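Participant: Quick one: this structure, given as C-alpha cells, is what I'll be asking you about.
The values are calculated or read from the model by the stated rules, or taken from the named source; none is laboratory data. If you're wondering where the values come from, they're calculated on a predicted model, not measured in any experiment. Counting neighbours? That spans all protein chains shown, and the Cβs are built from the backbone with ideal geometry, glycine included.
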Amino acid sequence: MNTKKKFKEIEQEYDSFYKEIYSKGKIPVRDTEVGIWGVSVAENVYELFKKINLKKYKNLLDLGSGDGKIVLIASLFTNATGIEFDKELHEKAVEIRKKLNINPKKAELIQGDFLKHDFSKYDIIFINPDKGFHKGTEDKLLKEMNKDCRLFVYNFVFEPRFLKKGKKYWFKETPVTVYRKK
C-alpha cells in the first residue's frame, strides 16, 4: 500500500465531509454530551506521524476521536484505536473507515467514555483536548500510562499539570507537545 496515496484518500474524504457541513451554513465544530468536537488538520497530523516515525510504535490511542480522522491516518503507520462518546461522530468514523476499506483491526473505533478504557497497552496517546486535564483525564493518564508511553497534545489551550513536558512540534500555528510520566 502506498501510504501517501492512502493518506490523500483519507484527506479528501474528510474534506468532502466538512464541505457538506459548511454547505448547511455550519462549521465542523460542535458541542457533544461530554465536550466539544473540533477538527485537526490532516496534513499536520500526517507530517507529525512521519516525523516521529510512528511505525516504530505498536499501539496508538486517540482520546475523544470524534470523526475518526486521527485513527485512520495513524492506521497507515501502526495499530490505532479511537474512543468517542458521541454516537453520531462515532458512526461517521465507522462509515468513512468502511468506505475507504481500512482494516478495522488496524483502525479500531469504539463508542464510549475513554475514562472507562484501559490506557496501559498503548505506547502513544493522542488528544486534542477540549477541557482541562484536571477533570479526570490527567489522573487516569498518571495511573495507567506505561513508563514508555508518550502523550501527544494537539494545541496549547489545555495542558497536563503533572506530566513532564517534552518536545514541541509546530505545524503552521498549531503546536503538538509531547508529555511523559516523570
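Participant: Residue by residue through region 118-151, note down the ones that are β-branched (Val, Ile, Thr) and in contact with a Pro (Cβ under 9 Å, 6 or more places away or on another chain).
Facilitator: Once the filter is applied, which keeps residues that are β-branched (Val, Ile, Thr) and in contact with a Pro (Cβ under 9 Å, 6 or more places away or on another chain), region 118-151 yields only 137.
Participant: Still on this structure, please answer the following. Identify the residue in region 69-95 that is of a type in the set (Val, Ile, Thr) and either crowded, with 21+ Cβ neighbours inside 10 Å or at pLDDT below 95 (or both) and, among all such residues, is nearest to the chain's Cα centre (by Cα).
Facilitator: In this case the residue turns out to be 70.
Participant: For residue 156, which of the numbered conditions (1) within 23 Å of residue 47 (Cβ to Cβ); (2) modelled with pLDDT of 95 or more; (3) surrounded by fewer than 20 Cβ atoms within 10 Å (Cβ to Cβ); (4) not acidic (Asp, Glu) fails to hold?
Facilitator: (2)
Participant: Give the residues of region 6-27 that are more than 17 Å from residue 93 (Cα to Cα) and either surrounded by 10 or more Cβ atoms within 10 Å (Cβ to Cβ) or within 19 Å of the chain's Cα centre (by Cα) (or both), sorted by residue number.
Facilitator: 22, 26, 27
Participant: Here are some residues: 114, 171. Which one is within 26 Å of residue 47 (Cα to Cα), at pLDDT 95 or above and either surrounded by 17 or more Cβ atoms within 10 Å (Cβ to Cβ) or of a type in the set (Lys, Arg) (or both)?
Facilitator: 114
Participant: Within region 55-68, does at least one residue satisfy the condition of being among the aliphatic types (A, V, I, L, M), assigned to a loop (DSSP other than H, G, I, E, B) and surrounded by 15 or more Cβ atoms within 10 Å (Cβ to Cβ)?
Facilitator: No, region 55-68 has no match at all.
Participant: Which residues, counting only those in region 96-111, are touching a residue at least 24 places away in the same chain (Cβ under 8 Å), of a type outside the set (A, V, I, L, M, F, W, C) and surrounded by fewer than 16 Cβ atoms within 10 Å (Cβ to Cβ)? Can you show your working first?
Facilitator: So the first thing to find is which residues in region 96-111 are touching a residue at least 24 places away in the same chain (Cβ under 8 Å), and the list is 96-97, 99-100, 102-103, 105-111.
Keeping just the survivors that are of a type outside the set (A, V, I, L, M, F, W, C) gives 97, 99, 103, 105-106, 108, 111.
Once the filter is applied, which keeps residues that are touching a residue at least 24 places away in the same chain (Cβ under 8 Å), of a type outside the set (A, V, I, L, M, F, W, C) and surrounded by fewer than 16 Cβ atoms within 10 Å (Cβ to Cβ), region 96-111 yields 99, 103, 105.
Participant: Identify all residues within region 126-150 that are among the hydrophobic types (A, V, I, L, M, F, W, C) and either under 13 Å from residue 180 (Cα atoms) or assigned to a loop (DSSP other than H, G, I, E, B) (or both); write none if there are none.
Facilitator: 126, 141, 142, 145, 149
Participant: Could you grab me the full set of residues in region 117-141 that are over 21 Å from residue 74 (Cα atoms) and either in contact (Cβ under 8 Å) with a residue 60 or more places away in the chain or surrounded by fewer than 16 Cβ atoms within 10 Å (Cβ to Cβ) (or both)?
Facilitator: If the condition is that a residue be over 21 Å from residue 74 (Cα atoms) and either in contact (Cβ under 8 Å) with a residue 60 or more places away in the chain or surrounded by fewer than 16 Cβ atoms within 10 Å (Cβ to Cβ) (or both), then 131, 132, 134, 135, 136, 137, 139 are the ones that fit.
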